[in-house]
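Here, each number is a calculation from the coordinates, and none is a lab measurement. For clarity, every value in this text was computed on a predicted model and none was experimentally measured. Cβ coordinates were reconstructed from backbone atoms using ideal geometry, including for glycine residues, and neighbour counts include every protein chain displayed.
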Amino acid sequence: MGNIFPRWTNLLAIKVLVCLGALGTCAIAVAWYSWTPKYTRVGYMPQQPIPFDHSLHAGQLGMDCRYCHSQVENSPHSNIPAAQVCWNCHGPGKVKSDSPKLEPLRQAMDTNYEKYTGQPIEWVQLHKVPDYAHFSHQAHVNRGVSCVECHGRIDEMPVVYHAKPLSMSWCLDCHRDPGKVLRPLDQITNLKWGADDLDPESFYAYVAGKTKVSVEDLKKSDQGKAWDRELIGAHLQKAWSVHPPQDCAACHY
Amino acid sequence: MRWFFLILAIASITVALAIGPRGEKFSTPPFMLFPDMDNQYKVKAQKPSEFFENGQGARVPVEGTVPFGYAPPKEGVSAAGPLDFSRGDDYLNTGLFGDFYGKGFPGEIKLDETLLARGKERFRISCSPCHGMSGNGAGIVSKYWAIPPTANLVDPRVKSMPEGQIFWTITHGKGLMGPYNGVLSVKDRWAIVAYLRGLQAASGN
């Protein structure tokens, strides 16, 4: 009896397996790289109804974030300002009130304007956690986590874009080690703040007052350590006893 | 086999180019891999809602009702509208005694260091863009745009104003200045008045 299968079929099964393996590896590589908020969300830069320039208002003019986002310390939701707040500076006879870019604002606010509708400006939301996760701005900004940790350098963005992934693992990175992001409470909205802006003497005095450890002991324990965010954060974490929750129900309730 | 790997290589390069690096700017709404329950049909803060006629999720309280923690408007307050549930006619909330600006701070406001620190912080956030850090009317806005002059808060005119009038002005605005009752709570407005008194004393005018 002759051979049913020709000679080349001997290696066929192995070849098919190798090909499938290569294909699978490529597919996994694509998924690993792009099926994550680091790819799908970071860089999201939608067009807003008014091209509001944060780098001008918060950067160049040095306005505090809370001039507009006034309820961020009192509410889980950081408010988008009411049109009245824009109108404080851009109302008739004030700054750039005739600019065509402000058309939606005039429609919302200017009762003498022929296209007045009184309808709110429909800003596009960029930063969003899923509806089954509850994030509280209030809890974070009142405990030394700056805006910049989640939103990036807004004061340098002419058009705001999504700078951090806001994924769950990214949240947990901080909840497991909050020391690296904590800063003094009066610098929360100072996005360019760094360790060099903090005076060690007054900081040690503050920490000593909170922890009941003397300034000398604090300094002794810090000898040889670099004066950086990590060191400052570690002290603040102890002084405020910051223990971010890591259980599911902390955010998913 | 050779053909397969050639095609796979070409396909990989094509896909890689189509995907592009992480963090590239784009304006279309982000792709959601598993959108399950990410966007629930509940009313969220400052979000639209198809359920209501005007499309806004934020609701105006039903007429004649008062939210928890607020007092109903006092009888006979002429300006009280359906939304003025918190606006009593007392000095704390209006800065007025009857039709006159009151002098001094209301009894509910405790003048202490905490209040001044709060006032300083809020003044720098909400007032300094126009009135300047020292209150002299030369804020950052006046450096870039020729808008009509902003009030110098440390000159004798404002210094001689009763506290109630300054509070009333922050609440309702004046001239080109808009009302700040939406962004500053009653207590914060009094804290700013207190801090402003400090600035005026320090200015020596």
**Item:** Average Cα contact separation per residue, the stretch A:1-99, under 8 Å, 6 or more apart, as relative contact order %
**Value:** 8
**Complete:** Once the in-chain neighbours fewer than 8 apart are removed, the lysines whose Cα is under 17 Å from A:Lys115 read A:Lys101
**Relative contact order for the stretch A:99-233, counting Cα pairs under 8 Å that sit 6 or more residues apart, in percent** = 21
**Item:** Centre separation in Å (Cα based) which lies between the stretch A:175-253 and the stretch A:36-107
**Value:** 31
**Prompt:** What is the distance, in nm, between label points placed 7 Å from the Cα along the Cα-to-Cβ direction at A:Ile4 and at A:Ala250?
**Reply:** 6.3
**Message:** Given the DSSP H assignment, sum -39500 (n - 2.57) over each helix run of at least 4 residues in chain A and divide by its residue total; what's the result at 222 nm in deg cm²/dmol, nearest 500?
**Reply:** -10500 deg cm²/dmol
**Item:** Calculated SAXS-style log₁₀ I(q)/I(0) at q = 0.16, 0.17, 0.24 Å⁻¹ - the stretch B:113-203, Debye, Cα scatterers
**Value:** -0.58, -0.66, -1.38
**Message:** How charged is the neighbourhood of B:Ala191? Take every other residue with its Cβ under 10 Å from the Cβ of B:Ala191, and add Lys/Arg as +1 and Asp/Glu as -1.
**Reply:** +3
**Prompt:** For the protein assembly as shown, with the dipole built from +1 on Lys and Arg beta-carbon atoms and -1 on Asp and Glu ones, taken about the Cα centre, which of A:Ile121, A:Leu231, B:Leu116 lies farthest toward the positive end?
**Reply:** A:Leu231
**Request:** Set the Förster radius R0 to 56 Å, insert the Cβ-Cβ distance between B:Leu6 and A:Asn142 as r into 1/(1 + (r/R0)^6), and round the FRET efficiency to 0.05.
**Result:** 0.40
**Request:** About the Cα centre of the protein assembly as shown, how large is the charge dipole given +1 on each Lys and Arg Cβ and -1 on each Asp and Glu Cβ? Please answer in debye to the nearest 20.
**Result:** 1020
**Request:** Pop the C-beta distance of B:Phe26 and A:Ala205 into the FRET formula with R0 = 56 Å and round what comes out to the nearest 0.05.
**Result:** 0.70
**Message:** Cα atoms only: what Rg and Dmax, in Å, come out for the stretch A:1-47?
**Reply:** 21.0, 75
**Prompt:** Do any trypsin sites (Lys or Arg not before Pro) in the stretch A:117-155 lie in a DSSP loop with no more than 15 other beta carbon atoms within 10 Å, and if so, which?
**Reply:** A:Arg153
**Request:** Project the alpha carbons of the stretch A:132-175 onto their principal axes and report the range along each, largest first, in whole Å.
**Result:** 29, 22, 19
**Prompt:** What relative contact order, as a whole-number percentage, does the stretch B:115-205 give when Cα pairs under 8 Å and 6 or more residues apart are counted?
**Reply:** 35
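Can you give the calculated 222 nm mean residue ellipticity of chain B, where each DSSP H run of n ≥ 4 adds -39,500 (n - 2.57) and the sum is split over every residue, rounded to the nearest 500 deg cm²/dmol?
On the way: 8 runs with 73 residues, N = 205.
Result for chain B, helices only: -10000 deg cm²/dmol.
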**Item:** Descending Cα extents along the principal axes, the protein assembly as shown, whole Å
**Value:** 118, 68, 45
**Fill in**
Full extension between A:Val124 and A:Gln48 adds, at 0.36 nm per residue less the Cα distance, a length in nm of 26.8 nm
**Item:** Rounded to whole Hz, the Karplus (6.51, -1.76, 1.60) HN-Hα couplings of the stretch A:116-127, x for glycine and proline
**Value:** 4, 10, x, 7, x, 6, 8, 5, 8, 7, 9, 8
**Fill in**
Between B:Leu17 and B:Leu111, Cβ-based FRET efficiency (R0 56 Å, step 0.05) works out to 0.25
**Message:** I need the GluC sites (Glu not before Pro) found in the stretch B:85-185, filtered to DSSP loop residues with at most 15 other beta carbons within 10 Å of theirs.
**Reply:** B:Glu108
**Rg/Rg_ref, the stretch A:185-227, where Rg_ref = 2.2 N^0.38 Å and atoms are Cα** = 1.28
**Complete:** With +1 at each Lys and Arg Cβ and -1 at each Asp and Glu Cβ, the charge dipole magnitude of the stretch B:113-203 around its Cα centre, to the nearest 20 debye, comes out at 40
**Complete:** Cα-only Rg/Rh for chain A with Kirkwood Rh rounds to 1.18
**Set A:Lys212/A:Lys238; B:Lys143/B:Lys187; A:Lys128/B:Lys25; A:Lys128/B:Lys47; A:Lys180/A:Lys210; A:Lys38/B:Lys42 screened for pairs whose C-alpha atoms are more than 22 Å apart** = B:Lys143/B:Lys187; A:Lys38/B:Lys42
**Prompt:** Taking 0.36 nm per intervening residue step and subtracting the Cα-Cα distance, what contour gain separates A:Val16 from A:Ser55 on full extension?
**Reply:** 8.5 nm
**Item:** Net charge contributed by nearby residues that have their C-beta within less than 11 Å of A:Asp131 (K/R +1, D/E -1)
**Value:** +2
**Message:** Give me the one-decimal nm value for the distance between modelled label points at A:Ser241 and B:Ala45, 7 Å along each residue's Cα-to-Cβ direction.
**Reply:** 2.7
**Complete:** With DSSP loop assignment and no more than 13 other C-beta atoms within 10 Å, the trypsin sites (Lys or Arg not before Pro) in the stretch B:1-67 are B:Lys25, B:Lys42, B:Arg59
**Request:** Would you work out the charge dipole size for chain A about its Cα centre, treating the Cβ of every Lys and Arg as +1 and the Cβ of every Asp and Glu as -1, and quote it to the nearest 20 debye?
**Result:** 840
